[in-house]
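Worksheet: the structure to be examined is printed underneath.
The values are calculated or read from the model by the stated rules, or taken from the named source; none is laboratory data. Nothing here was measured: the structure is a model prediction, and the numbers come from that model. Cβ sites come from the backbone with ideal geometry, for glycine too, and all protein chains shown count toward neighbours. Side chains included, ligands, DNA and RNA excluded: accessible areas come from the protein's heavy atoms. Shrake-Rupley method; radii C 1.70, N 1.55, O 1.52, S 1.80 Å.
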Amino acid sequence: MPGVQDRVALVTGGGQGIGEGIAHRLAAGGAKVGVLDLNLDNATTVAEAIKAEGGQAIALSADVSKRDQVQAAVDQLVGEFGGLHILVNNAGVIRDNLLFKMTDEDWTLVMEVHLRGAFLCSQIAQKHMGDAGFGRIISMSSTSATGNRGQANYSTAKMGLQGFTKTLAIELGPRGITANAIAPGFIETAMTKATAERIGTTIDQMRDAVASTVPVRRGGVPADIANAVAFFAAEESGYVTGQVLYVDGGSELL
Ligand code: NAD
């Protein structure tokens, strides 16, 4: 099965959390991975760990909301590995607040990173994918897309990514490029730890609360999302496009 073997992948926000798990999973499947992050030290640590496991990876430093930085990172990746076939738009931030307290900066930063970031990375990456006649664009939405208290900015951005994904699927399909989104539920990372602190609880309590309600009776981990990414990224998944896959232990059913 070809899967992602010998493909070149770019994982944004790959320096920790879900992106780190995705980078490891794609590398284990034989992909050459660009681990892109605002935090180059973290990206380097992840790339080095992949290489220590026998995989191929390079660390890339960029702010996904800055066109010149994304272009330079993609140029570096293509220069190193000779192409770009798989893009995972995973970089993200939260600036949670109730609507009446949300600042312009809270709103703008979340839109810039999630929406402009996915736009710039996809636009720059699709040229290389089109040249190869093969591409996979996978964007990280969220169960929060359907609404979540304190996340007017984030919910809007995450639902925006679903519309973005469906439009890319229509536009890029004829060039061999699929576009899909994943909507994770609770996944234990630095981001969910920060959310727990904001609402005055702990990550352990948050995980227990999720585990006591979701149908599969556990919290999610980055490997759960990496598994879904590996499915969408695989060569065999070429007839799957424009989809949003909720990977949430069934929480959307409740
Ligand atoms: P995280 O905070 O642990 O990691 C996010 C990474 O993105 C960090 O390494 C950070 O440095 C990087 N990043 C932030 N802004 C950036 C920028 N402008 N340019 C480049 N890199 C940048 O978060 P996570 O939990 O691993 O989340 C990953 C993605 O999954 C995000 O898009 C998030 O919204 C989404 N998500 C997470 C959960 C969850 O429960 N953890 C649920 C649903 C969706």
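Would you work out what percent of the accessible area of the chain, with all protein chains in place, is carbon or sulfur (probe 1.4 Å)?
The C+S portion of the solvent-accessible surface of the chain is 53 percent.
Going by alpha carbons, how many degrees (0 to 90, nearest 10) lie between the helix axis of 152-172 and the longest principal axis of the chain?
With both axes taken from Cα atoms, the answer is about 30 degrees.
Give or take rounding to whole Å, what are the principal axis extents of the alpha carbon atoms in the chain, in descending order?
47, 37, 36
Could you report the chain's accessible area per residue, 1.4 Å probe, as an integer in Å²? Can you show the working numbers first?
On the way: 11330 Å² over 254 residues.
That works out to 45 Å² for each residue.
Using a 1.4 angstrom probe on the protein heavy atoms only, line up Tyr239, Tyr154, Tyr246 by accessible area, largest first. Each step should come with its number before you reach the end.
On the way: Tyr239 220, Tyr154 20, Tyr246 70 Å².
Per-residue accessible area, sorted high to low, gives Tyr239, Tyr246, Tyr154.
Just to confirm a number: summing +1 for Lys and Arg and -1 for Asp and Glu over residues other than Val210 whose beta-carbon lies under 12 angstrom from that of Val210, what do you get?
-1
Which ³J(HN,Hα) values, rounded to whole Hz and listed in residue order, are derived for the stretch 48-57 from phi using the Karplus coefficients 6.51, -1.76 and 1.60 in 6.51 cos²θ - 1.76 cosθ + 1.60 with θ = phi - 60°, glycine and proline given as x?
Couplings: 5, 5, 5, 5, 5, 8, x, x, 10, 7 Hz.
Of the candidates Arg149, Arg95, Arg136, which one comes out as most mobile in a Gaussian network treatment of the chain with C-alpha springs shorter than 10 Å?
The residue that fluctuates most here is Arg149.
Pull up all non-local amide H partners of Leu60: gap of 5 or more, or a different chain, and H-to-H distance under 5 Å with H placed in the peptide plane.
Those qualifying (amide H under 5 Å, at least 5 residues apart or on another chain) are Val35, Leu36, Asp37.
Around Ile137, which amide H atoms from residues at least 5 apart in sequence, or from another chain, sit under 5 Å from its own amide H, with H modelled in the peptide plane?
Amide H neighbours of Ile137, under 5 Å, 5+ apart: Leu87, Thr178, Ala179, Asn180.
Of Thr146, Thr103, which has the most accessible area and how do the rest follow, probe 1.4 Å?
Final ranking, largest accessible area leading: Thr146, Thr103.
Once you list every other residue whose beta carbon is under 14 Å from the beta carbon of Val240, what net charge do they have if Lys and Arg are +1 and Asp and Glu are -1?
The answer is 0.
In whole Hz and in residue order, list the ³J(HN,Hα) couplings for the stretch 25-40 that follow from phi through the Karplus curve 6.51 cos²θ - 1.76 cosθ + 1.60, θ = phi - 60°; x for Gly and Pro.
5, 5, 5, 5, x, x, 7, 9, 10, x, 9, 9, 7, 4, 9, 5
Per DSSP H run of n ≥ 4, the term is -39500 (n - 2.57); total these for the chain, divide by its residue number, and report the mean residue ellipticity at 222 nm rounded to 500 deg cm²/dmol.
Details: 9 runs with 116 residues, N = 254.
The helix contribution divided over the chain gives -14500 deg cm²/dmol.
Among the aspartates and glutamates, which fall within straight-line cross-link reach of Lys193, defined as a Cα-Cα distance under 12 Å, with same-chain neighbours fewer than 8 residues apart omitted?
Asp204
Below 8 Å, C-alpha to C-alpha, sequence gap of six or more: please give me the relative contact order for the chain in percent. Walk me through the numbers before you get to the answer.
Working: 561 pairs, mean separation 50.2, N = 254.
Over the chain, the number comes to 20 percent.
Using alpha carbons only, how many degrees (0 to 90, rounded to 10) separate the axis of helix 203-213 from the longest principal axis of the chain?
Here the helix axis deviates by roughly 80 degrees.
Dipole of the chain (Lys/Arg Cβ +1, Asp/Glu Cβ -1, origin at the Cα centre): which of Thr45, Cys121, Leu172 lies farthest to the positive side?
Going by the Cα projections, it comes out as Leu172.
Scan around Tyr246 for amide H atoms under 5 Å from its own, H built in the peptide plane at 1.01 Å from N, and keep only partners 5 or more places away or cross-chain.
Under 5 Å from the amide H of Tyr246: Ala183.
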